[in-house]
1. Those residues that are modelled with pLDDT under 95 and away from every other protein chain (no Cβ under 14 Å), I need them from region B:1-33; list them, please.
2. Residue A:157 fails exactly one of the following numbered conditions: (1) within 9 Å of chain B (Cβ to nearest Cβ); (2) assigned to a helix (DSSP H, G or I). What is the number of that condition?
3. Within region B:266-283, does at least one residue satisfy the condition of being in contact (Cβ under 8 Å) with a residue 24 or more places away in the chain and either over 20 Å from the mean Cα position of the chain (by Cα) or outside the structural domain of residue B:160 (by TED's automatic domain parsing) (or both)?
4. Can you tell me which residue within region B:34-43, out of those that are buried (at least 22 other Cβ atoms within 10 Å of the Cβ) and more than 7 Å from chain A (Cβ to nearest Cβ), is farthest from residue A:128 (Cα to Cα)?
5. Would you check which residues across region B:44-71 are more than 7 Å from chain A (Cβ to nearest Cβ) and either part of a loop (DSSP other than H, G, I, E, B) or surrounded by fewer than 22 Cβ atoms within 10 Å (Cβ to Cβ) (or both) and list them?
6. Inside region A:25-39, can you point out the residues that are within 14 Å of chain B (Cβ to nearest Cβ) and either β-branched (Val, Ile, Thr) or under 18 Å from the mean Cα position of the chain (by Cα) (or both)?
7. Do you know which residues across region B:132-151 are β-branched (Val, Ile, Thr), more than 14 Å from every other protein chain (Cβ to nearest Cβ) and touching an Asp or Glu at 6+ places or on another chain (Cβ under 8 Å)?
8. Mind checking which residues of region B:72-119 are more than 27 Å from the chain's Cα centre (by Cα), basic (Lys, Arg) and outside any loop (DSSP other than H, G, I, E, B)?
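The values are calculated or read from the model by the stated rules, or taken from the named source; none is laboratory data. These numbers were taken from a predicted model, which means no experiment stands behind them. Here the Cβ is made from the backbone with ideal geometry for all residues, glycine too, and neighbour counts use every protein chain on show.
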Amino acid sequence: MTGGLASPIEIESIGGGLAFEVQERSGASPMSCYQCAKCSSGCPVAGRGDFKPHELVRLVQTDQRDAVLSSRFLWECTSCQTCATRCPQKVDIAAMVDALRAMSRAARSVAPSTAVPIFNDIFLDAVRERGRIFELELMIRFKLRSKRFFEDAGKAPMMLRKGKLPVSGTRVGGKEEREALFTRAAEGDAQ
Amino acid sequence: MTYAFFPGCSLDGAAKDYHRSTLAVAAKLGLDLPELKDWICCGSTAAHSSDPLLADALPAKSLSAAGGSTVAVACAACYSRLKTANHHIAGDAALRARVAHVVGRDYDGRTPVLHLLEILCRDIGTPRIAAAIRRPLTGLKVACYYGCLLTRPPEITNFDDAENPTLMDRLMEAAGAEPLVWPHKTECCGASFSITDSSIVLELTNKILAMAHAAGADCIATACSLCQLNLDMRQKDIESKFGRRYNLPVFYFTQLLGLAMGCQEDELSLSSLVVEPKALLQAKGIGR
């Protein structure tokens, strides 16, 4: 039969590769979502992202890879786990978002407004190097790499005054062992 | 009672006051908290949003060194990461083997992990807390704020009621204070954006402070390094951005317990609070 809808919904795309890839990587089951939007009701950043959580899940279901991987929501989600806790279908949206962040980076689709990937890299480098986070060093390295010099510029002096920003950090022994751990984790992910 | 203490990175930095007040309260209760040997960072949000295997391996490395002792945790984010790694590793033999390969030794995922609130409220118990109170916090209306990661997800943390936890409320009650019924106990403060995007943190902390204020709180009690820092340190910025002035002191729950147990103010590092609690404490006849 011809005619009918001018631009029919492409049913073929529903249940496409993205949902299965996300499930494989995160253990979350996006296909179980029936769009009740309970996740978005409780999400603290639903009002600011380009998508709300239930919309993101729907885009995953319908295989909208580019829209999902370039979404700003991925980098504004606070990982507070409210969505995963309340979902009646037990869709672990928080785990799904974690997997999508990694996929977004791998596809070089990260939303340009975010500095989170830079921060994550600096943070994990510091853990590899020292074993623990030295906050002052982390803040300085982030400012230098992200070039966001003025945001919260008054915080460091205030924290120093309040004794909340020690000027030296701890190092834990076993750096070589840690380097090996990070290397094996990266190799393990590639498998 | 002895626990292997995992203080977490922030307790040696921005949350030194949480560290000091925890040890002061522990001393009053005969609670021994030797540090877990060579513990390393839990990996926090940076690890779980980058690399799931690393996010399980970092906690596994620390927890496998506990030698069967129960691990005590102060920070809600560390607590969440340690318990999540345990949950993953104990429930999945294949993952356990992969983590063992990454860490360089096998770990079964079964080292018990408890937050300080669970230890004080359940293991020590409120009768013993009440017996240690020297200067009750009479008339102090406290909004107990748990943040997101202590209770969520409940099948992993198994902490308390996920929507209305009361462990901290019970401790405050034992200390003579008046814990408030209020709805934002487990809302998120946006801590993972503390350094990367303060606009998110300001928006979320403003809502929490507004709700505590509306509920009639004199102060907020917290059980997480980052929650305390954000709620306390950002009140000036909130005033300039949203035009709301709260002037609500934000304590660690250990600081309030310590005050009630008769600890000295410097043992509790009260001077590191950004919103000055002095006037409030004087008005309520707390401290001295």
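1. Passing the criteria: only B:1.
2. Among (1) within 9 Å of chain B (Cβ to nearest Cβ); (2) assigned to a helix (DSSP H, G or I), the lone unmet condition for residue A:157 is (1).
3. Yes, that holds for at least one residue.
4. The extreme case among them is B:36.
5. Of everything in region B:44-71, those that are more than 7 Å from chain A (Cβ to nearest Cβ) and either part of a loop (DSSP other than H, G, I, E, B) or surrounded by fewer than 22 Cβ atoms within 10 Å (Cβ to Cβ) (or both) turn out to be B:64, B:65, B:66, B:67, B:68, B:69, B:70.
6. If we filter region A:25-39 for residues that are within 14 Å of chain B (Cβ to nearest Cβ), which is where we start, we get A:25-28, A:38-39.
Listed by number, the residues that qualify are A:25, A:26, A:27, A:28, A:39.
7. Taking region B:132-151 first, the residues β-branched (Val, Ile, Thr) are B:133, B:138, B:142, B:151.
If we keep only those that are more than 14 Å from every other protein chain (Cβ to nearest Cβ) too, we end up with B:133, B:138, B:142.
Once the filter is applied, which keeps residues that are β-branched (Val, Ile, Thr), more than 14 Å from every other protein chain (Cβ to nearest Cβ) and touching an Asp or Glu at 6+ places or on another chain (Cβ under 8 Å), region B:132-151 yields only B:142.
8. First pass over region B:72-119, keeping only residues more than 27 Å from the chain's Cα centre (by Cα): B:92-106.
Pick out the ones that are also basic (Lys, Arg) and you get B:96, B:98, B:105.
Listed by number, the residues that qualify are B:96, B:98.
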